[in-house]
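Scroll down for the structure; my scribbles are underneath it.
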């Protein structure tokens, strides 16, 4: 019994590895995010299989995980593939992998194409340290909150985004990260219409507004400058002091600074509290 997670091509079927083809041919059960796309993949890479193919997607992941665990425990070789890239990375498979490990089942991973690492390389932004943030929330308020938590993230950030939400996400990113933050839009990677748009967030927003955005989108955003959180906190506290010295009460001063910096009042309040603790 063995569970195998295998990366599949993002779009160019020439990226299918010999190990992927061998795993498809030898598996007894194949859990595919979309069975029709899996059959098309096998046709394109000229690989046949005798395994039973089961659908394995977000809507049935919990139920299917229990079923696949039972199959594994009776000796099956289960291969998990998503539509593109590595299972478990914004795709089904994490729960099954976790439970298999917990139950002492042998697990293997067949590496291969990755939208995250490919986009990082294409972006031209620092690659020594990065963080993958998945899909931002769909609602603007929740998305802004997510970006706010990442305001001082110094690592390069990678997001997936739906093409019809890209413009709104870029607008929210500008409001939090600023107009000069560099970024890259990587679209349709390895496919016929692949392109990468690089520039500031404002430049990318202008591009998104002027073009019909289609296909798979990976957004890469430059990290904050080193120690930006400490610098910003110092700036916020200094500005609050200026307002207080001018006769404004602290609550109003904090509200004014929050508006001036375009950030949440709680962040300014926390900076002032921390500064007061350090001075006592």
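The numbers here are math on the coordinates, done by the rules we state, and not lab data. Computed from a predicted structure; not experimentally measured. Neighbour counts are summed over all protein chains in view; Cβ atoms, including those assigned to glycine, are modelled from backbone coordinates with ideal geometry.
Among 118, 189, the ranking by other beta carbons within 10 Å of each residue's beta carbon, starting with the fewest, stands as 118, 189. With respect to the chain, whose longest principal axis is taken over its alpha-carbon atoms, helix 228-245 is tilted by about 30°.
All C-alpha pair distances within the range 44-87, sorted into 10 Å bins from zero, spread as 22, 54, 23, 2 percent across the bins. Taken over the range 98-216, the convex hull of the Cα atoms encloses 141 Å³ per residue.
Determine the calculated [θ] at 222 nm for the chain from helices alone, applying -39500 (n - 2.57) to every DSSP H run no shorter than 4 residues and normalising by the residue count; nearest 500 deg cm²/dmol. Intermediate values should be presented prior to the final figure.
On the way: 11 runs with 127 residues, N = 280.
One gets -14000 deg cm²/dmol as the mean residue ellipticity at 222 nm.
All C-alpha pair distances within the range 2-113, sorted into 5 Å bins from zero, spread as 2, 13, 27, 28, 19, 9, 3, 0 percent across the bins.
The Cα-based radius of gyration and maximum Cα-Cα distance (Dmax) for the chain are 23.6, 79 Å.
Roughly what % of DSSP beta bridges within the range 116-221 run antiparallel, to the nearest 5?
Numbers: 16 of 19 bridges.
Looking only at bridges with both residues in the range 116-221, the antiparallel portion is about 85 percent.
For the range 82-137, relative contact order (Cα pairs under 8 Å, six or more residues apart, normalised by length) works out to 32 percent.
Percent antiparallel among DSSP beta bridges with both residues in the chain, to the nearest 5?
Numbers: 17 of 37 bridges.
That works out to approximately 45 percent antiparallel.
Relative to the longest principal axis of the Cα atoms of the chain, the long axis of helix 140-149 makes an angle of roughly 80 degrees.
Taking the C-alpha atoms only, the angle from helix 35-44 to the longest principal axis of the chain is near 70 degrees.
Pair-distance distribution of the range 228-279: all C-alpha pairs, bin width 5 Å, starting at 0; shares per bin in whole percent are 4, 25, 35, 26, 9, 1.
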